[in-house]
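What follows is a short report on a single structure.
The values are calculated or read from the model by the stated rules, or taken from the named source; none is laboratory data. In this text the structure is predicted, and so the values were computed from the model without any measurement. Cβ placement follows ideal geometry from the backbone for every residue including glycine, while neighbour counts extend to all protein chains displayed.
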Amino acid sequence: MHVCRECGTNSPRWVGRCPGCGEWNTLDEERITNTPVSRAVATSLADVGDELSGRTSTGVAELDRVLGGGLVAGSTTLLFGEPGVGKSTLALMALRQLALEGSSVVLIAAEESASQVARRARRFGDIPATLQVCATTSVGVAEELLTSIRPTLCVVDSISAMSDDALSSVAGSVPQVRHSAERLCAVAKSLGVALVLVGHVTKDGELAGPRTLEHLVDTVIRIEGDRYGTLRFIRALKHRFGPTGEVGLLEMVNEGLRELPDAGVALRGPRLSVPGVVYCVTNDGSRSMLVELQALVASSSGSPRRVAHQVSSQRLALLLAVLEARCDIDISASDVFAATAGGLPANEPGVDVALALAVASAALDFAVPRTVAAVGEVGLAGELRGVSGLTRRVREAQRLGATSIIVPGEGELEEVPGIRVLRCSSLVEAIASARSDTL
């Protein structure tokens, strides 16, 4: 059978163009074997016990936060991200920390030699004796290794380089990736080994390989970050053993990845009190982080440009229209640049008020005091809408030095000592409050 790597359409013979999606040269050969059908037996769900074993901490607190406490024995985790973002480094950190605690761990290096892995591992310090490595691309060899060692954790770096000689397709093709993952997941589940598969991404930033790979594993974790910056985010896109809304923060340094349990303090720079700078508090998972939003409005020599970095370009365009239509601030003939400082992204609706105030501050040439923060969503009518976790945002702003905060008129908010709360029902009112001399 020939299977399309793009859409999964089956064809009994090879054809140049896929009959399903119309793409060219995407059909890979896959061998089909007939297996006997076993007798199905149904069991009452009430009689089935909870056999989920305890979690094993990876030794990396930020990774444990995303995993809900650690890895589950027999589970399979897929870790993917762009090249150079730190996938292999994070996996090696977890292996080393578990080995330091005496656990047996193994790394199946399918893309590097053992000496290359050892060179990277020595950046963290001494290599524990229980950290073993095997440089192979054979699924059969990997299965024999897991059966003989039975480690606590096994990392395969990467699943796209693994192959089975029984298949005629090349390594990295859809049949090879799917078949390799299925075999490794099955043996890990039967032995109770926590398995981590490192995956690649396509040019669009999506997970490379068949979509069935995401359905096969228990957890899908993405590590992302700006290649020109040092900040790295760990997010769980799928997690069968816990919530998926958590985020972990790491910083890339010469020794590897450093944990950032308090990003607000670690990434806080000098607070500026100049036109175009406003502070906001964003919520991401259970974290609240203070973000510095910056805007610059300059005269345009041609067609006006709208440039957004680490903020949503769609939200910026919406806010510029609201500022012009509802607040009588004409910036239609000016270039507008908006960004965040420190590498923290700010794409949620809760940063609307701060972003709009930053643009208004730059356009009208007034400075918002550096001890003032703003939180809230802006509607097309110019009204301010409530956001989730408002109390948590206000507490974080107060903890990091804010003495006043602009919030929507609606929304539940508990009293937070040490900070003045300014309730505003519209963006016009918020701009007036930000320009007030009483702040």
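Which of (1) surrounded by fewer than 18 Cβ atoms within 10 Å (Cβ to Cβ); (2) touching a strand residue (DSSP E or B) at 6+ places or on another chain (Cβ under 7 Å); (3) not polar (S, T, N, Q) is the odd one out, the single condition residue 261 does not satisfy?
(2)
Only helices (runs of 4 or more DSSP H) wholly contained in the stretch 12-126 count here; list those with 2 or more residues that are closer than 30 Å to residue 229 by Cβ and touching a residue at least 60 places away in the same chain (Cβ under 8 Å). Talk me through it step by step, then tell me what you get.
Values: elements: 61-67, 87-100, 114-121.
Hits in the stretch 12-126: 61-67, 87-100.
Checking the condition farther than 18 Å from residue 156 by Cα and either of a type in the set (Ser, Thr, Tyr) or at pLDDT 95 or above (or both), which residue from 104, 44, 75 passes? Break it down into steps so the answer makes sense when it comes.
Numbers: 104 fails: farther than 18 Å from residue 156 by Cα; 75 fails: farther than 18 Å from residue 156 by Cα.
None of the other options fit; the residue is 44.
If the Cβ limit is 9 Å and pairs must be 6+ apart or interchain, which residue in the stretch 290-301 that is within 22 Å of residue 344 (Cα to Cα) pairs with which residue that is buried (at least 18 other Cβ atoms within 10 Å of the Cβ) and aromatic (Phe, Trp, Tyr)?
Every condition considered, the pairs that remain are 290/279; 291/279; 292/279; 293/279; 294/337; 295/337; 296/337; 297/337.
I'm checking my understanding of the structure. Among residues of the stretch 146-163 that are surrounded by fewer than 18 Cβ atoms within 10 Å (Cβ to Cβ) and not small (Gly, Ala, Ser), which one is farthest from residue 190 (Cα to Cα)?
Step one: list which residues in the stretch 146-163 are surrounded by fewer than 18 Cβ atoms within 10 Å (Cβ to Cβ), which gives 147-150.
Imposing the further condition that a residue be not small (Gly, Ala, Ser) reduces the set to 147, 149-150.
Details: 147: 10, 149: 14, 150: 10 Å.
Ranking the candidates gives 149 first.
Taking residue 57 as meeting all but one of (1) modelled with pLDDT of 85 or more; (2) exposed (fewer than 13 other Cβ atoms within 10 Å of the Cβ), write down the number of the exception.
(2)
So, of the residues in the stretch 174-216 that are in a loop (DSSP other than H, G, I, E, B) and buried (at least 23 other Cβ atoms within 10 Å of the Cβ), which turns out to be modelled with the highest pLDDT? Steps first, please.
First, pick out the residues of the stretch 174-216 that are in a loop (DSSP other than H, G, I, E, B): 192-193, 200, 202-206, 208-211.
Still in the list and also buried (at least 23 other Cβ atoms within 10 Å of the Cβ): 193, 209.
Numbers: 193: 94, 209: 68.
By that ranking, first place goes to 193.
Residue by residue, here is whether (1) surrounded by fewer than 23 Cβ atoms within 10 Å (Cβ to Cβ); (2) within 27 Å of residue 261 (Cα to Cα); (3) not assigned by TED's automatic domain parsing to the domain that holds residue 315; (4) not aromatic (Phe, Trp, Tyr) holds:
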site	(1), (2), (3), (4)
366	yes, no, no, no
369	yes, no, no, yes
375	no, yes, no, yes
383	yes, no, no, yes
391	yes, yes, no, yes
394	no, yes, no, yes
400	yes, yes, no, yes
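What is the residue count in the stretch 398-439 for residues that are in contact with a Ser or Thr (Cβ under 7 Å, 6 or more places away or on another chain), assigned to a strand (DSSP E or B) and farther than 16 Å from residue 356 by Cβ?
2
Look through the stretch 158-214, keep the residues that are among the polar types (S, T, N, Q) and touching a strand residue (DSSP E or B) at 6+ places or on another chain (Cβ under 9 Å), and return whichever of them is nearest to residue 134 (Cα to Cα).
Start the filter on the stretch 158-214 by keeping residues that are among the polar types (S, T, N, Q), which leaves 158, 160, 163, 168-169, 173, 176, 180, 190, 202, 212.
Now restrict to residues that are touching a strand residue (DSSP E or B) at 6+ places or on another chain (Cβ under 9 Å): 158, 160, 163, 168-169, 173, 176, 180.
Details: 158: 13, 160: 16, 163: 15, 168: 24, 169: 24, 173: 23, 176: 20, 180: 16 Å.
Applying the filter and picking the extreme gives 158.
Cβ contacts < 6 Å: first residue in the same structural domain as residue 376 (by TED's automatic domain parsing), restricted to the stretch 414-434; second residue surrounded by fewer than 19 Cβ atoms within 10 Å (Cβ to Cβ) and of a type in the set (D, E, K, R), any location; separation 6+ or different chain. Result?
Going by the 6 Å Cβ cut-off, the qualifying pairs are 416/395.
Are any of the residues in the stretch 131-138 assigned by TED's automatic domain parsing to the domain that holds residue 201, in a helix (DSSP H, G or I) and on the phi < 0 side of the Ramachandran plot?
No: zero hits.
Would you list the strands (runs of 3 or more DSSP E) that sit entirely within the stretch 267-369 and hold 3 or more residues that are modelled with pLDDT under 90 and under 32 Å from the mean Cα position of the chain (by Cα)?
On the way: elements: 277-284, 287-299, 306-309, 334-341.
Hits in the stretch 267-369: 287-299.
Given the condition crowded, with 23+ Cβ neighbours inside 10 Å and of a type outside the set (A, V, I, L, M, F, W, C), answer yes or no: does some residue in the stretch 332-352 qualify?
yes
Output the qualifying pairs, or none if there are none: Cβ atoms under 7 angstrom, residues six or more apart or on different chains, first residue in the stretch 331-344 and of a type in the set (S, T, N, Q), second residue buried (at least 20 other Cβ atoms within 10 Å of the Cβ).
From the stretch 331-344, the pairs are 334/297; 340/291; 340/292; 340/293; 340/311; 340/346.
Among the candidates 376, 382, 401, single out the residue that is touching a helix residue (DSSP H, G or I) at 6+ places or on another chain (Cβ under 7 Å), on the phi > 0 side of the Ramachandran plot and in contact (Cβ under 8 Å) with a residue 60 or more places away in the chain. Let's see the steps before the verdict.
On the way: 376 fails: in contact (Cβ under 8 Å) with a residue 60 or more places away in the chain; 401 fails: touching a helix residue (DSSP H, G or I) at 6+ places or on another chain (Cβ under 7 Å).
After applying the criteria, what remains is 382.
Need the failing condition index for residue 63 against (1) at pLDDT 90 or above; (2) touching a Gly at 6+ places or on another chain (Cβ under 8 Å); (3) not assigned by TED's automatic domain parsing to the domain that holds residue 243, just the number.
Going through (1) at pLDDT 90 or above; (2) touching a Gly at 6+ places or on another chain (Cβ under 8 Å); (3) not assigned by TED's automatic domain parsing to the domain that holds residue 243 one by one, residue 63 breaks only (3).
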